[in-house]
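**Q** Quick one: the structure is below, questions incoming.
Values quoted throughout were computed directly from the atomic coordinates according to the rules given, and no laboratory measurement underlies them. Computed from a predicted model, the values in this text were never measured in an experiment. Positions of Cβ are generated from backbone atoms using ideal geometry, with glycine treated the same way; all protein chains shown enter the neighbour counts.
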Amino acid sequence: MHIVVDNYPEELSVKTADYNLILHTVSTHNVLPLTSACNFDCIFCSHKYNPPGLKVFTLPYLAKDRYNEMIDFLDPHQRVVVGESSTRIIEGEPFCRKDALDILEMIRERHPDTPITLTTNGSLIGRNEIDRLALLMPLEVNLSVNFLSDRARRMFLDDTGGSSMYRTIELLGEYGIPYNGSIVALGVDGWERELEKAVSYLESHGARTLRVFHPGYTRFCRDDRCKMDYLYLSGTVEKIAAQVALPVLLEPPNITGSEPLVGGVISGTPAQAAGFKKGDLIVRVDEAEAVSRVDAFKKILRAENPLVDIVRNGDEHRLRLNKGKGQSSGLVFNYDIDPEQMGAVLRAVSRSKACRPAVVTGEMAYPRIKKYLQGSCSAVAVIKSSNRFFGGNIGCAGLMVVDDIINSLEASPVKADLILVPSVAFDHRGDDLTGRNCREIEEAAGAKVQVI
Ligand code: SF4
């Protein structure tokens with residue numbers, strides 16, 4: 001078994017998370033970390049190409065009893081996340097812990113109705129594990145499929161354990177466990193054929209969705225196989241998605257506007273029964289205008305049996321979605337703009353009475369945020385911050401650091417008196433991923449900074 005935590009270049013000097021940080025992660029993100037170890041060594045694994053100076057942590061071994069206490073810190077009213085690298089604690093493969101299922105059962109015992117999302121590479125799951133997972137509903141599995149063929153899995157994931165991704169998919173389908181597939185695109189011969197094979201296998205074995213990730217790489221990645229032309233990939237995914245009913249979505253999505261277009265419809269759901277189709281434009285939900293995909297998604301999720309007005313091929317239609325409050329509709333949307341976040345931006349600007357407010361965003365969200373704010377408050381400048389710290393093709397706001405923001409402010413002709421920076425880039429103390437505080441931006445720019 002490979003232990004990814006042992007594979008880090010020495011200069012990264014990755015530290016072990018202390019228990020306070022672990023409890024803080026659990027309580028603020030509703031993430032229950034199980035292990036930083038992994039039995040694979042994927043060529044695209046982001047943990048391997050982090051720049052020195054990054055403050056991320058590995059999880060120490062915590063005895064099962066400790067999880068009783070950690071589960072106390074979970075919010076039972078929110079989805080519990082296991083196995084996803086969404087915090088500063090590196091997540092590996094949950095089933096590298098032999099008692100992973102015991103811990104999942106502890107969560108279920110304490111919180112019988114709380115949805116759990118489990119991300120796994122699926123290689124350590126056989127019929128015995130699936131038997132137990134099937135008793136943990138409501139549960140959704142995010143399965144990192146990447147490749148189906150054993151040869152490609154050995155070559156690109158270092159999957160040498162003799163497991164079969166075909167078998168894992170078959171078992172999930174047989175037991176009716178809701179699951180989504182994910183695939184990281186690679187610039188290697190035959191990759192498109194592998195994608196087609198995976199799409200058709202997942203579709204015929206009950207997958208809900210498939211997400212295809214454009215590989216993200218930092219300036220430290222020397223492996224050209226992780227580099228793929230985004231527009232080429234976007235065209236490939238679009239062509240394959242048009243041939244199947246399974247919602248196949250590209251991450252990050254190739255969208256600039258925020259028109260609430262349906263990205264896909266999950267089969268066997270209220271949305272499919274109501275007659276929704278991919279490409280429908282959501283206009284209103286229970287008479288309230290939908291202003292973005294995220295807005296449409298949230299309005300529909302919160303509503304009970306909503307009436308949804310759509311435009312399809314230029315004609316307006318009204319569809320009734322038979323679903324409960326908070327129940328998923330089965331409509332799939334790409335992430336674009338959250339009007340609630342934009343509302344927080346506008347409220348902060350109006351409270352501050354600033355004359356020249358500015359919002360700093362990552363490269364990826366910049367066109368959408370600019371377009372949205374131009375429509376609602378043209379007085380707010382939008383400044384794009386390039387990610388020099390990570391470099392490569394990294395462009396998301398969550399990986400921006402203080403230095404990146406200071407550089408972008410210095411290069412911008414806008415001299416703002418209020419600078420709004422995204423909260424995803426900072427922890428609860430206002431520290432970025434390198435440990436530098438957002439107050440340093442204030443000193444450098446000579447303007448008030450607010451994390452939002
Ligand atoms: S399965 Fe995930 S954590 Fe493990 S090596 Fe691959 S990308 Fe990294």
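**Q** Between Lys239 and Arg110, 0.36 nm times their residue separation minus their Cα-Cα distance comes to what?
**A** Residue separation times 0.36 nm, minus the Cα-Cα distance, leaves 41.9 nm.
**Q** To make sure I understand the rule: partners must be lysines, Cα under 26 Å from the Cα of Lys15, and not fewer than 8 residues away in the same chain. Which ones qualify?
**A** Output for Lys15: Lys48, Lys55, Lys64, Lys98.
**Q** A further question follows. Are there DSSP H segments in the chain that both extend 18 Å or more along their axis (alpha-carbon positions) and score a mean Kyte-Doolittle hydropathy of at least -0.5? List them, or say none.
**A** 339-352
**Q** Okay, next question. Can you find, among Ala379, Ser164, Val424, the residue farthest towards the positive end of the dipole of the chain? Put +1 on the C-beta of Lys and Arg, -1 on that of Asp and Glu.
**A** Ala379
**Q** A further question follows. Tell me, how many Å apart are the Cα centres for the stretch 267-327 and for the stretch 52-89?
**A** The stretch 267-327 and the stretch 52-89 have Cα centres spaced 35 Å from each other.
**Q** Average projected area of the Cα convex hull of the chain, in nm²?
**A** 21.5 nm²
**Q** Where in the stretch 158-197 does the amide nitrogen come within less than 16 Å of the point 7 Å from the Cα of Asn128, taken along Cα to Cβ?
**A** Of the residues in the stretch 158-197, 163 have backbone N under 16 Å from the label point off Asn128.
**Q** Okay, next question. Quick one: which of 195-202, 409-416 comes out on top by average Cβ neighbours within 10 Å, and what's the full order, highest first?
**A** In descending order of packing, they fall as 195-202, 409-416.
**Q** State the volume of the convex hull built on the alpha-carbon positions of the stretch 48-167, expressed per residue in Å³ and rounded to an integer.
**A** Dividing the Cα hull volume of the stretch 48-167 by its residue count gives 127 Å³.
**Q** Please give every one of the aspartates and glutamates within straight-line cross-link reach of Lys299, meaning a C-alpha to C-alpha distance under 14 Å, and leave out same-chain neighbours fewer than 8 residues apart.
**A** Within the straight-line cut-off, Lys299 pairs with Asp286, Glu287, Glu289, Asp309, Asp338, Glu340.
**Q** Calculate the FRET efficiency for Ala379 and Glu251 from the Cβ-Cβ distance with a Förster distance of 35 Å, rounded to the nearest 0.05.
**A** Taking R0 as 35 Å, the efficiency between Ala379 and Glu251 is 0.60.
**Q** To continue, here is another question. Set the Förster distance to 35 Å, then compute FRET efficiency between Asp417 and Lys371 from the Cβ-Cβ distance, nearest 0.05.
**A** So, using R0 = 35 Å, E works out to roughly 0.90.
**Q** State the antiparallel share, in %, of DSSP beta bridges confined to the chain, rounding to the nearest 5.
**A** Restricted to the chain, the bridges split so that about 30 percent are antiparallel.
**Q** Of Lys278/Lys384; Lys370/Lys448; Lys298/Lys371; Lys323/Lys370; Lys277/Lys384; Lys370/Lys415, which ones are farther than 26 Å apart at the Cα?
**A** Lys278/Lys384; Lys323/Lys370; Lys277/Lys384
**Q** How much mean residue ellipticity at 222 nm does the chain get from its helices, if each DSSP H run of length 4 or more adds -39500 (n - 2.57) and you divide by all residues, to the nearest 500 deg cm²/dmol?
**A** The helix-only estimate for the chain comes to -8500 deg cm²/dmol at 222 nm.
**Q** At 0.890 mPa s and 25 °C, plugging the Kirkwood radius over alpha-carbon pairs of the stretch 264-332 into Stokes-Einstein gives what diffusion coefficient in µm²/s?
**A** 211 µm²/s
**Q** Next question, about the same structure. Residues of the stretch 224-245 with amide nitrogen under 13 Å from the 7 Å Cα-to-Cβ point of Met155?
**A** Inside the label zone: 225.
**Q** Label-point separation (nm) for Lys448 and Lys227, each offset 7 Å from Cα along Cα-to-Cβ?
**A** Result for the modelled spin labels: 4.5 nm.
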